Amino acid sequence: MLRAALIFTATTLFAGCALSPQMITVAPKADVEAANIGHNEPVQVIAVDSREQSAFGTRGGVYKETALVQPANDVKNAIEDAVRKGLQTQGFNAFNAGADATRLEVRLEQLDYVPEEGSVVNEVTLSLTLLAEASRADVVHIGTYKSSVVHDLPLTPTANRNQTMINEILSSAITRMLTDPKMQAFLAGNDTP
């Protein structure tokens with residue numbers, strides 16, 4: 001009986017140290033109020049995922065090289081969709097923009113998922129950099145939106161918890177970009193916001 005209990009305990013401890021990979025559905029949402037800031041000005045939205053690798057990071061644990069947190073869908077398309085919907089809510093024309101529309105390129109330059117060191121992970125740091133470059137004719141306006149969040153967790157995060165954390169930090173950056181008064185003014189047609 002004692003031997004069975006020891007084997008069970010050892011198995012449980014080992015299982016707690018080996019973390020499996022996770023696939024995360026990226027689905028950010030811009031938290032913006034319905035308004036007519038844009039006065040139906042056309043904006044062509046182009047998203048770019050310029051990160052060096054597809055995975056956001058590793059979950060840590062014993063086999064951290066394979067315990068990756070990865071997107072289950074196209075990150076670029078998810079960002080593009082969130083930005084378009086947010087702009088549309090603000091009164092811009094982001095779905096039927098013509099050739100002469102203001103171009104808004106939104107680049108995800110960093111979205112890093114970094115667990116604490118050790119075999120048991122109860123703390124995760126997320127770091128994000130989003131760069132937005134709006135341009136028309138020979139005029140350009142650039143905004144950079146950075147975030148870093150440390151999550152203290154009672155348990156090693158599940159796929160659902162990681163999905164929530166990643167979407168929260170991405171949604172927050174997109175919201176900050178769309179509520180940036182200078183970015184709003186430029187997209188609405190002001191060349192010198």
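The values are calculated or read from the model by the stated rules, or taken from the named source; none is laboratory data. What you see is a predicted model; the values in this text were computed from it and never measured. Here the Cβ positions follow ideal geometry from the backbone for every residue, glycine too, while neighbour counts run over all protein chains shown. Please note that ligands, DNA and RNA were not included when accessible areas were found on the heavy atoms of the full protein model with its side chains. Shrake-Rupley method; radii C 1.70, N 1.55, O 1.52, S 1.80 Å.
If you go through region 157-193 and keep only what is in contact with a helix residue (DSSP H, G or I) (Cβ under 8 Å, 6 or more places away or on another chain) and either open to solvent by 20 Å² or more (accessible area, probe 1.4 Å) or at pLDDT 95 or above (or both), you end up with LEU170, SER171, ILE174, THR175, MET177, LEU178, MET183, GLN184, LEU187, PRO193.
Just a yes or no: is a residue in region 52-63 over 30 Å from ASP191 (Cα atoms) and not in a loop (DSSP other than H, G, I, E, B)? Checking region 52-63: at least one residue is over 30 Å from ASP191 (Cα atoms) and not in a loop (DSSP other than H, G, I, E, B).
Within region 64-76, the residues that satisfy the criterion of being among the β-branched types (Val, Ile, Thr) and either within 15 Å of ARG161 (Cβ to Cβ) or part of a loop (DSSP other than H, G, I, E, B) (or both) are THR66, VAL69. Scanning region 141-174 for residues that are free of Cβ contacts under 8 Å to residues at least 60 places away in the same chain, touching an Asp or Glu at 6+ places or on another chain (Cβ under 7 Å) and closer than 21 Å to ILE79 by Cα returns ILE142, GLY143. Taking residues in region 176-192 that are under 18 Å from ARG84 (Cβ atoms), and partners anywhere that are loosely packed, with under 14 Cβ neighbours inside 10 Å and among the acidic types (Asp, Glu), the pairs with Cβ atoms closer than 9 Å and at least 6 places apart or on different chains are THR179/GLU33.
When region 47-77 is filtered for residues that are open to solvent by less than 40 Å² (accessible area, probe 1.4 Å) and either in contact (Cβ under 8 Å) with a residue 60 or more places away in the chain or in contact with a helix residue (DSSP H, G or I) (Cβ under 6 Å, 6 or more places away or on another chain) (or both), the ones remaining, listed by number, are ALA47, ARG51, PHE56, ARG59, GLY60, GLY61, VAL69. When ASN96, ASN122 are screened for being in contact with a strand residue (DSSP E or B) (Cβ under 9 Å, 6 or more places away or on another chain), over 24 Å from GLU52 (Cα atoms), surrounded by fewer than 18 Cβ atoms within 10 Å (Cβ to Cβ) and without any contact (Cβ under 8 Å) to a residue 40 or more places away in the chain, only ASN122 passes.
Only residues that are of a type outside the set (A, V, I, L, M), within 15 Å of PHE186 (Cα to Cα) and open to solvent by less than 90 Å² (accessible area, probe 1.4 Å) were counted in region 131-150, giving 6.
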